[in-house]
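Heads up: the structure comes next, in structure tokens.
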Amino acid sequence: MAKHIFVTGGVVSSLGKGLTAASIGMLLESRGLKVRLQKFDPYINVDAGTMNPFQHGEVYVTDDGAETDLDLGHYERFTHTIVDRHSNYTTGKIYNTVISKERKGEYLGNTVQVVPHITNEIKEAIKSVSAADVDVVITEIGGTVGDIEGLPFLEGIRQFGFDVGKQNVLFIHLTLLPYLRASDEIKTKPTQHSVGKLREIGIQPDILICRTEKPITEEMKSKIALFCNVEITSVIEEKDVDFSIYEVPLVFIEQGLDTLILKKLRMRTKRRDISRWRELIKTLLKPKHEVEIAIVGKYIRLQDSYKSIYEALIHGGIENNCRVRLRKIHAEDIETQGAKKLLKGVNAILVPGGFGERGIEGKIQAINHARMNKIPFFGICLGMQCATIEFARNVCKMKDAHSTEFRPDTPFPVVSLMEEQKKISNMGGTMRLGAYPCKIAKKTHAHKAYQKTNIAERHRHRYEFTNRYLEEFKKHGLIFSGICPSGELVEIIEVKDHPWFTAVQFHPEFKSKPTGAHPLFRDFVASALKSKNET
Ligand code: GLN
């Protein structure tokens, strides 16, 4: 039977529970264990798909087409866990299941209640990620202890711990030790309150991980231990990392967190091997080269909206021994200030995915600038659709060509709603989602990157290249280097006689890891570096 670790958070949100859970997963894998990670989100939305990036950050898509929380991205980047629709449960999803069972009469006339029906469903969700070969399941509870909406999940994990026995579960609580500048001291009271709240519910944390800007003293640790009823050796400091999130596991290793967890779970494993990880941190800290890449998007002002893209660029950098500096540009600013001014000196340009018309013309101008000036360009999802529009207007001379998402009455609808989307009226979970196969044409940038002809990548879109324009585009030199065999959908386009102009309908960023960059991101950064060295 798998052992279970539950990660809760206290005092404030955004403490980095996802990163902490992912780092713990990575450490356990380094001991040869097989882990699965999972997140519970206490909000009522059934999934993250209907939330906008300003609210929620990036929506992370799994192979099986679930639209999930971006913490799952950390899980996949740090570990080899499988992520699928069982890796992310929200209150909405749990209630949906319970209500539909009730409608089918499955509760045999009983009154349906939070305890036991909702909590039972939560316990089933925990079991759903376990399998015979899984050693440890790590479940992160979103939100903060004390939130009304988190209560059923906390009750669910309390019961689960009781059901499977003390030796099989570990409760890890992540908390904040605020630093007060005026008195130059770190305060432990909020942590005491937060642990107090947990204990009221019946959960005694086994390990406390304390986020702090300043190092904590032994004296402070013993105070926290005493008031929170944990051993002093179980108070772990998580000091802010200066440089990269990939350093977090090393912060834990220094304090022996993996050994502590294994001891508490009574597990014996092999010695830790993190040589590969140390290597990549070394490259990250002291790379040989540096490039600057512009990202032209709509949600640029938010740290989390393009999370996986930013990370994938860092990974591409690692493989090229290169630091990737990002110039984040608001697409609308290009409309008012011009591409030439804002993109001056960048070594490459990336236009990410998105929805809605705002900033579209700015993105198109940025793409035109990249194409005309032979600056390496990478378009992702909406980025590919914009590249199609740019090429239609300026090379094929299709005046006012557009996507029907933004101009339903355009004379040249070069991007249009997919056939299967036309009959859909519900917004939630109805896009073209998840992994689809793609056939790669030889002698293309795509083939050079992937080194194979059959790939699969994750999607999240409703609009698509309009196939009736295919021949016209080909005639003008656009290369269709990736096609989805089911439905003949265009997945990758490239521009001829350009150092590296590649745009994809899917989201390659979801499959990139620090230990293995996605081949397209690797080659994109390489082309940026080449372009820098040649100019
Ligand atoms: N809005 C576009 C579509 O739905 C692109 C989506 C995206 O970039 N993820 O097709």
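For the stretch 428-441, backbone phi angles converted through the Karplus equation (6.51, -1.76, 1.60; θ = phi - 60°) give residue-by-residue couplings of x, x, 10, 6, 7, 10, x, 7, 10, x, 9, 9, 9, 7 Hz, Gly and Pro being listed as x.
Does the stretch 476-520 classify as rounded, prolate or oblate by the C-alpha gyration tensor (a ≥ b ≥ c root eigenvalues; a/c under 1.5 gives rounded; else a/b over b/c gives prolate, otherwise oblate)? Don't jump to the answer; show the numbers that get you there.
Details: a/c = 3.53, a/b = 1.34, b/c = 2.64.
It is oblate, given that a/c is not under 1.5 and a/b is not larger than b/c.
Derived value for the stretch 1-141: Kirkwood hydrodynamic radius 15.8 Å. Basis is the mean of 1/r over every pair of different alpha-carbon atoms.
In the chain, helical runs assigned H by DSSP with n ≥ 4 each contribute -39500 (n - 2.57); averaged across all residues and rounded to the nearest 500, the mean residue ellipticity at 222 nm is -10500 deg cm²/dmol.
With a/c under 1.5 counting as rounded, go ahead and sort the stretch 397-535 into rounded, prolate or oblate using the C-alpha gyration tensor (a ≥ b ≥ c being the square roots of the eigenvalues; past the cut-off, prolate if a/b is larger than b/c, else oblate). Intermediate values should be presented prior to the final figure.
Values: a/c = 1.91, a/b = 1.32, b/c = 1.45.
Cα axes put the stretch 397-535 in the oblate bin.
Rank by packing, highest mean first: peptides 81-91, 104-114, 210-220, with packing defined as the count of other Cβ atoms within 10 Å averaged across residues.
Values: 81-91: 22.3, 104-114: 9.5, 210-220: 14.7.
For the peptides 81-91, 104-114, 210-220, the packing ranking is 81-91, 210-220, 104-114.
Can you work out the base-10 log of I(q)/I(0) for the chain at q = 0.11, 0.12 1/Å, using the Debye formula on its C-alpha atoms alone? Values, matching the q order: -1.00, -1.15. Peptide packing for 509-522, 142-155 was compared via the average number of neighbouring C-beta atoms within 10 Å per residue; ordered from the highest value, the list is 509-522, 142-155. Straight-line reach from residue 187: taking Cα to Cα under 21 Å and skipping same-chain neighbours fewer than 8 places apart, the lysines in range are 17, 197, 214, 221, 223, 239.
For 388, 50, what's the fewest-to-most ordering of other Cβ within 10 Å of each Cβ? Intermediate values should be presented prior to the final figure.
Numbers: 388 29, 50 16.
Ascending number of Cβ neighbours within 10 Å: 50, 388.
Taking every DSSP beta bridge that has both ends in the chain, the antiparallel portion is near 35%. For residue 176, the residues whose modelled amide H falls within less than 5 Å of its own, excluding neighbours fewer than 5 places apart on the same chain, are 10, 12, 211. Along the stretch 320-337 the Karplus relation, 6.51 cos²θ - 1.76 cosθ + 1.60 evaluated at θ = phi - 60°, assigns HN-Hα couplings of 9, 6, 9, 7, 9, 8, 9, 10, 8, 10, 6, 4, 5, 5, 5, 5, 8, 10 Hz to successive residues, with x for each Gly and Pro. In terms of the Cα gyration tensor, with a ≥ b ≥ c the square roots of its eigenvalues, is the stretch 329-460 rounded because a/c is under 1.5, prolate because a/b exceeds b/c, or oblate? Because a/c hits 1.5 or more and a/b fails to exceed b/c, the stretch 329-460 counts as oblate. Spatially, the stretch 355-387 and the stretch 509-526 are offset by 20 Å when compared through their Cα centroids. Converting phi to 3J(HN,Hα) with the Karplus coefficients 6.51, -1.76 and 1.60 and the offset θ = phi - 60°, the stretch 38-45 yields 8, 10, 9, 10, x, 6, 7, 3 Hz in sequence order, with x at every glycine or proline. For residue 489, the residues 5 or more places off, or on other chains, whose built amide H falls under 5 Å of its own are 484.
For the stretch 410-535, compute the number of Lys pairs whose alpha carbons are separated by less than 13 Å, excluding pairs fewer than 8 positions apart on the same chain.
Numbers: 439/452; 442/452; 443/452; 443/496; 474/496; 475/496.
Pairs that pass both the separation and distance tests number 6.
Only the coordinates and a few stated rules stand behind these numbers; no lab work does. Just so it is clear, the model here is predicted, and its values are computed rather than measured. Methodologically, a virtual Cβ is constructed for each residue, glycine included, from the backbone with ideal geometry; neighbour enumeration extends over all protein chains shown.
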